[in-house]
1. B:Ala207 - would you say it is more than 14 Å from chain A (Cβ to nearest Cβ) and surrounded by 17 or more Cβ atoms within 10 Å (Cβ to Cβ)?
2. Please go through the stretch A:122-155 and pick out each residue that is within 11 Å of chain B (Cβ to nearest Cβ) and crowded, with 18+ Cβ neighbours inside 10 Å.
3. What is the number of the single condition among (1) closer than 28 Å to B:Tyr103 by Cα; (2) within 14 Å of chain B (Cβ to nearest Cβ) that A:Asn65 does not meet?
4. Residues to consider are B:Val127, B:Val117; find the one that is under 23 Å from B:Trp45 (Cα atoms), surrounded by fewer than 17 Cβ atoms within 10 Å (Cβ to Cβ) and among the β-branched types (Val, Ile, Thr).
5. Regarding the stretch A:189-211, can at least one residue be identified that is farther than 30 Å from A:Ile114 by Cβ, of a type outside the set (Phe, Trp, Tyr) and over 17 Å from the mean Cα position of the chain (by Cα)?
6. Run down A:Pro147, A:Pro169 and say which single residue is within 27 Å of A:Gly102 (Cα to Cα) and at pLDDT below 85.
7. Pick out, from the stretch B:1-90, the helices (runs of 4 or more DSSP H) lying fully within it that include 2 or more residues that are under 24 Å from B:Ile154 (Cα atoms) and at pLDDT below 85.
8. Would you mind finding the one in B:Phe109, B:Phe126, B:Phe138 that is without any contact (Cβ under 8 Å) to a residue 24 or more places away in the chain and assigned to a helix (DSSP H, G or I)?
Amino acid sequence: MPDPVVALRNVSLERWMRDEYAYDLKNQIFSILEGRHQKQTRKAVLSEIDLEITRGEKVGVIGPNGAGKSTLLKTICGILYPTRGEVSTAGNIVPLLELGAGFDPDLPVVENIILYGVLLGSSRKVMIEKVPGVLEFAELQNYGSVPVKVLSSGMAARLGFAIATDVQPDILILDEVLSIGDEHFKQKCRRRLDRFWQEHVTVVIVSHELEFIRQACDRAIWLENGRVAFDGPAREAVARYLSAIERQAMEAIASLR
Amino acid sequence: MILQAANPAAPFLARKLYRYRWLLYELVSRDLKLRYRGSVLGFAWTLLNPLLFMAVYALVFGVYLRIGVRNFPVFLLSGIMAWGWFVSAMQSGTSSIVDGRMYVGKTVFPAELLVIVPVLSNCVNFVLSLPFLVAIVFAYHQHLGLPLILLPVIMIIQALLTVGLLFFVATLNVFFRDLQQLIQYLLMLLFFLVPIVYSANVIPQSARQFVLGDPIAVIIMAYQHIFYYNTFPNLAGLGLVFVLAIVLVITGYATFAHYREMLGEYL
């Protein structure tokens, strides 16, 4: 059994549910004085997740909205910290999560490419050499000196994808990246991802495109309410997930009658 | 790499800074670039600011109020430039984590760097405007000597003190955004409590120990000793401030680390 590059042991993550006024010092003090201060409540987003991913595995994560898919990815990356349990990873993790995350909207595209690359662990020199390639892949050659805030959301997403896949990750973490860009760029993304598929890069990908998960991943994790509902071969995971949705739909129709 | 709750120990901060030194360099240069982007005068603003203050204060305190400090512009400038570094770092540092919301909680990012960046970038500005201060010193036929060797020491103490304060303030500011406004007012008040536009001699003996017990005052006066009096500053006082600064960095970083996992959710 090869060593896991990602291991989650009994990981639970709870998020604070808070009111907007918690930002306000005055209201906070008054609410304590008046005795109506409520202790913030916690909501479990991930519950008791045990997971091991070995080197080179391509793992899809599926499940309905709010099941904790993105939270799971953020926990693996180390952006969020588990409330209980332990996350251990080995190797250089490159995440591509939210649109525009990690970009400074006021800085030009080229500066952002360098900054992002340095953040992911490359040196400035290496990144300067990579700039033309990244611009070319993102098809933003004419936008190098434009601030990122001027880019359209599709362009920003292309830029993010181009950088994240250019820095040679050991573990690539992708959240819904295949829904970005136009059809032409989607094809391009898939071709580039294919390259990672050949190599020993570990990929964890969240997608609602079940057909893609079924074809491209060896393994899929189906999350439901923050728990692992199924973890196994991608085909089986997708089939079970789909039949569960169908069953729910049938029950909903039945209850209407 | 095991990711558990963040390690609050200060040695961990040192290791992290070393690991991310190139990122720190990038962030500081970004901060400097962004400040002057789109401005015609660019870096000249950094010089213009103390220069304009010097002119106004020299007129009000030197001419109108006759404060009786010889070569008042030299005295004023030797304190106000370091004060400018402190104030600018505190102002942008307080909101540094909030302003970094495109990184914190969205991508793998060492948020502690955000707190340190304004201290360093304003330090660069301070160093770049030092030649100007030296020119003014010589223009008034004053002298610089051996005390100058203490300049880097004083600067390090000031940087540590500011970083330590900022770890507390920037972390709290994520949860209570009013702090940003509060800090503005406190800094404005503090400006007049620190002997910058007047010399410490004019403070009545009974009040002097309170004013001079202020660590910021100790640091500002150390600069005045170097650039205005050309004498060695109060080393015991500086030593105490150094110890205080170290304590602040350790406890401030522990506080920051304690709340770090909540930062992303509140941004």
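The values are calculated or read from the model by the stated rules, or taken from the named source; none is laboratory data. Remember, predicted model here, so these are calculated numbers, not experimental data. For neighbour counting, all protein chains shown are included, and Cβ atoms are generated from backbone atoms with ideal geometry for every residue, glycine included.
1. Values: more than 14 Å from chain A (Cβ to nearest Cβ): yes; surrounded by 17 or more Cβ atoms within 10 Å (Cβ to Cβ): no.
Here the answer is no, as B:Ala207 does not meet what is asked.
2. Our first condition is that a residue be within 11 Å of chain B (Cβ to nearest Cβ); within the stretch A:122-155, this holds for A:122-127, A:147-149.
Residues satisfying the conditions are A:Ser122, A:Met127, A:Val148.
3. Evaluating A:Asn65 over (1) closer than 28 Å to B:Tyr103 by Cα; (2) within 14 Å of chain B (Cβ to nearest Cβ) leaves (2) as the failure.
4. On the way: B:Val117 fails: surrounded by fewer than 17 Cβ atoms within 10 Å (Cβ to Cβ).
Only one candidate passes the filter, namely B:Val127.
5. Within the stretch A:189-211, the first condition is being farther than 30 Å from A:Ile114 by Cβ, and the residues that meet it are A:208-211.
If we keep only those that are of a type outside the set (Phe, Trp, Tyr) too, we end up with A:208-211.
With the extra rule that they be over 17 Å from the mean Cα position of the chain (by Cα), the set shrinks to A:211.
Taking every residue of the stretch A:189-211 in turn, at least one turns out to be farther than 30 Å from A:Ile114 by Cβ, of a type outside the set (Phe, Trp, Tyr) and over 17 Å from the mean Cα position of the chain (by Cα).
6. Working: A:Pro147 fails: at pLDDT below 85.
A:Pro169 is the lone residue from the list that is within 27 Å of A:Gly102 (Cα to Cα) and at pLDDT below 85.
7. Working: elements: B:10-19, B:21-36, B:44-57.
Per the criteria, B:10-19, B:44-57.
8. Testing whether each residue is without any contact (Cβ under 8 Å) to a residue 24 or more places away in the chain and assigned to a helix (DSSP H, G or I) leaves just B:Phe138.
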